[in-house]
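Participant: If you scroll down you'll find the structure; I have some questions about it.
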Amino acid sequence: MVEQEMYRRAMVVVAHADDAEFGCSGTVALWARQGAEVIYVICTDGSKGSGDPEMTSSRLVEIRRQEQLDAARVLGVKEVVFLGYEDAILQPTLELRRDICRQIRRYKPQVLICMSPVRDLESASYLGHPDHFASAEAALSAVFPAARDRLTFPELMEEGLEPHKVEEVLVMSRTNPNKWIDVTDTLDIAMEAIKCHRSQVNPEDVGNFLRGWREEMGKERGMKYAEAFRHFQLR
Ligand SMILES: [Zn+2]
């Protein structure tokens with residue numbers, strides 16, 4: 001374990017309940033184990049993620065909220081913030097940017113993980129979800145420059161939220177990574193966490209899939225299992 005990679009506080013911004021468990025849960029569990037306070041910010045209410053004709057949006061919102069809280073507890077996440085935007089139609093608006101900026105200024109993370117803001121045209125099988133791109137674009141724009149600049153979103157200053165500079169950003173990326181985090185020691189916890197999202201996943205299938213890509217990412221770097229990111233050290 002590399003000591004200098006220990007963080008006091010980290011924030012993960014994603015579009016949906018379950019996105020963090022899919023993309024970075026081994027890292028989250030690792031950081032939590034090393035003593036970091038990890039804060040989740042979930043942008044949407046998850047109200048569209050069901051093909052069950054008996055399911056209603058309001059019931060789904062409650063189910064997915066609880067699933068996310070359960071998964072967070074498994075990983076050792078300290079706090080989960082739900083921004084409550086409507087699922088499936090998320091946009092990278094100034095309002096979303098401000099709402100993420102508010103959480104950055106409130107919790108003051110050193111490092112922030114988000115999804116990729118761009119559609120991956122290399123993939124031959126997955127188009128990517130527009131909410132993911134929107135959440136990432138808003139999160140990156142909230143980090144820089146909005147969270148740093150006191151004159152941006154003056155209403156946040158009125159709420160007593162001082163500017164904050166995030167030092168590092170990790171964008172979840174398997175196609176263009178420059179940082180690999182060894183999650184061999186926390187893979188089992190990560191697999192437990194994804195199983196909490198019972199309304200979204202078949203535990204067996206998803207376990208194999210998630211283990212598989214982490215194995216593939218690790219192989220290139222001499223690690224058994226790794227999660228891959230595009231890393232930014234901000235100045
Ligand atoms: Zn998602």
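Participant: Given the conditions (1) buried (at least 23 other Cβ atoms within 10 Å of the Cβ); (2) under 26 Å from ASN208 (Cβ atoms); (3) out of contact with any Cys (no Cβ under 9 Å at 6 or more places or on another chain), and given that ILE39 satisfies all but one, which numbered condition is not satisfied?
Facilitator: Tallying (1) buried (at least 23 other Cβ atoms within 10 Å of the Cβ); (2) under 26 Å from ASN208 (Cβ atoms); (3) out of contact with any Cys (no Cβ under 9 Å at 6 or more places or on another chain), ILE39 fails exactly one: (2).
Participant: Restricting the search to the range 179-211, which residues are within 30 Å of GLN233 (Cβ to Cβ) and either of a type in the set (D, E, K, R) or free of Cβ contacts under 8 Å to residues at least 12 places away in the same chain (or both)?
Facilitator: LYS179, ASP182, ASP185, ARG211
Participant: Still on this structure, I have one more. If we scan the range 102-112, do we find a residue that is surrounded by fewer than 23 Cβ atoms within 10 Å (Cβ to Cβ), closer than 21 Å to HIS129 by Cβ and within 13 Å of the chain's Cα centre (by Cα)?
Facilitator: Within the range 102-112, none of the residues are surrounded by fewer than 23 Cβ atoms within 10 Å (Cβ to Cβ), closer than 21 Å to HIS129 by Cβ and within 13 Å of the chain's Cα centre (by Cα).
Participant: Have a look at LEU69, LEU30 and point out the one that is more than 26 Å from LYS165 (Cβ to Cβ), away from the ligand (no atom under 15 Å from the Cβ) and among the hydrophobic types (A, V, I, L, M, F, W, C).
Facilitator: Answer to the selection: LEU69.
Participant: Looking at the range 91-148 only, could you name the residues that are aromatic (Phe, Trp, Tyr) and at pLDDT below 95?
Facilitator: Start the filter on the range 91-148 by keeping residues that are aromatic (Phe, Trp, Tyr), which leaves 107, 126, 133, 144.
Hit for the range 91-148 is TYR126, nothing else.
Participant: Related question: Look at the range 101-160 and say how many of its residues are within 16 Å of the ligand (Cβ to nearest atom), under 28 Å from ALA32 (Cβ atoms) and of a type in the set (Ser, Thr, Tyr).
Facilitator: So the count comes out to 2.
Participant: Can you name every residue in the range 212-229 that is out of contact with any Leu (no Cβ under 7 Å at 6 or more places or on another chain) and surrounded by 13 or more Cβ atoms within 10 Å (Cβ to Cβ)?
Facilitator: Correct list: TRP213, GLU215, GLU216, MET217, GLY218, ARG221, MET223, LYS224, ALA226, GLU227, ALA228.
Participant: Give me the residue from the range 118-156 that is free of Cβ contacts under 8 Å to residues at least 60 places away in the same chain and touching a His at 6+ places or on another chain (Cβ under 8 Å) and, out of that set, farthest from GLN103 (Cα to Cα).
Facilitator: So, considering only residues that are free of Cβ contacts under 8 Å to residues at least 60 places away in the same chain and touching a His at 6+ places or on another chain (Cβ under 8 Å), the one farthest from GLN103 (Cα to Cα) is ARG148.
Participant: Every residue in the range 164-180 that is crowded, with 19+ Cβ neighbours inside 10 Å and more than 30 Å from SER123 (Cα to Cα), please.
Facilitator: Selection gives VAL166 alone.
Participant: For the range 42-53: of the residues being within 16 Å of the ligand (Cβ to nearest atom) and not charged (D, E, K, R), which is surrounded by the most Cβ atoms within 10 Å (Cβ to Cβ)? Before you say what the answer is, go through the steps one by one.
Facilitator: Taking the range 42-53 first, the residues within 16 Å of the ligand (Cβ to nearest atom) are 42-51.
Still in the running and not charged (D, E, K, R): 42-44, 46-47, 49-51.
Numbers: ILE42: 26, CYS43: 28, THR44: 26, GLY46: 31, SER47: 20, GLY49: 21, SER50: 17, GLY51: 5.
Per the stated criteria, the residue is GLY46.
Participant: Take the residues of the range 59-90 that are of a type in the set (A, V, I, L, M, F, W, C) and out of contact with any strand residue (DSSP E or B) (no Cβ under 7 Å at 6 or more places or on another chain): which is nearest to TYR107 (Cα to Cα)?
Facilitator: LEU75
Participant: May I pose another question? Quick one: count up the residues across the range 38-54 that are closer than 17 Å to VAL201 by Cα and either among the hydroxyl-bearing types (Ser, Thr, Tyr) or touching a residue at least 60 places away in the same chain (Cβ under 8 Å) (or both).
Facilitator: Number of matching residues: 3.
The values are calculated or read from the model by the stated rules, or taken from the named source; none is laboratory data. As the structure is a prediction and not an experimental result, all values here were calculated from the model. Here Cβ is always computed from backbone atoms with ideal geometry, including for glycine, and neighbour counts include all displayed protein chains.
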